[in-house]
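For reference, the structure discussed in these notes is given below.
Each reported figure results from applying straightforward, stated rules to the coordinates on display, with no laboratory input. Just so it is clear, the structure is predicted and the values come from calculations on it, not from any experiment. Glycine also receives a Cβ, built like all others from the backbone with ideal geometry; neighbour counts cover every protein chain displayed.
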Amino acid sequence: MKKSLVFLITILFCSALNAQDIDFSGAWKLNSSKSNLNYDFTLAPATIIVIHKGNEISIEKHSNMQGQEYKTTDKYTCDGKECINMAWENMEKKSTAVWSDDKKSLKVTSKLAAGGDIGDVSIVEIYRMDNGNMILDSVASSSYGDLTEKMVYDKQQ
């Protein structure tokens, strides 16, 4: 009886630990040597700052494109509801963010109507943790084709 009770408590404790969502909060710096980036052109931000509280997450990306620094901040709810943020050049970006079934990754799916030669752009980003690093798997699709990258970020102190 006593062993059964200890076993049951252990299972409940482990289940509670596994049910917790990952918290991506913090400042993260791109580790290019661990990443798999596009050689000619990358969408990888140099740094990402994440504020993650409950069902809401704010992701601030600091990037450099063609020698110009810029910052974007996106705010999402992690329940699959559509969120609207502004992308570069004041384009409206419609996104949804949902946890995977195992609660170990967050998938953000975004659509932009870029117009011109680019046309519509769709971006799928999957945020996950691996050995203390934040991993961002990204696929961006437009009339120019697909851009697939794996970005690895080290947490900053």
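Tabulated values for the structure
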| item | result |
| --- | --- |
| Ranked packing of 65-71, 49-55, 140-146, most packed first, by mean Cβ within 10 Å | 49-55, 140-146, 65-71 |
| Loop-located GluC sites (Glu not before Pro) in segment 70-157, at most 12 other Cβ atoms within 10 Å (DSSP) | Glu82 |
| Within straight-line cross-link reach of Lys34, aspartates and glutamates at Cα separation under 16 Å, skipping those fewer than 8 residues along the same chain | Asp130, Asp137, Glu149, Asp154 |
| Two-site label geometry, Ala87 and Ser58: point separation in nm, points 7 Å out along Cα→Cβ | 2.2 |
| Sites Asp102 and Asn38, calculated FRET efficiency, Cβ-Cβ separation with R0 22 Å, nearest 0.05 | 0.15 |
| Fully extended contour minus Cα-Cα distance, from Asp23 to Asp79, at 0.36 nm per residue | 18.6 nm |
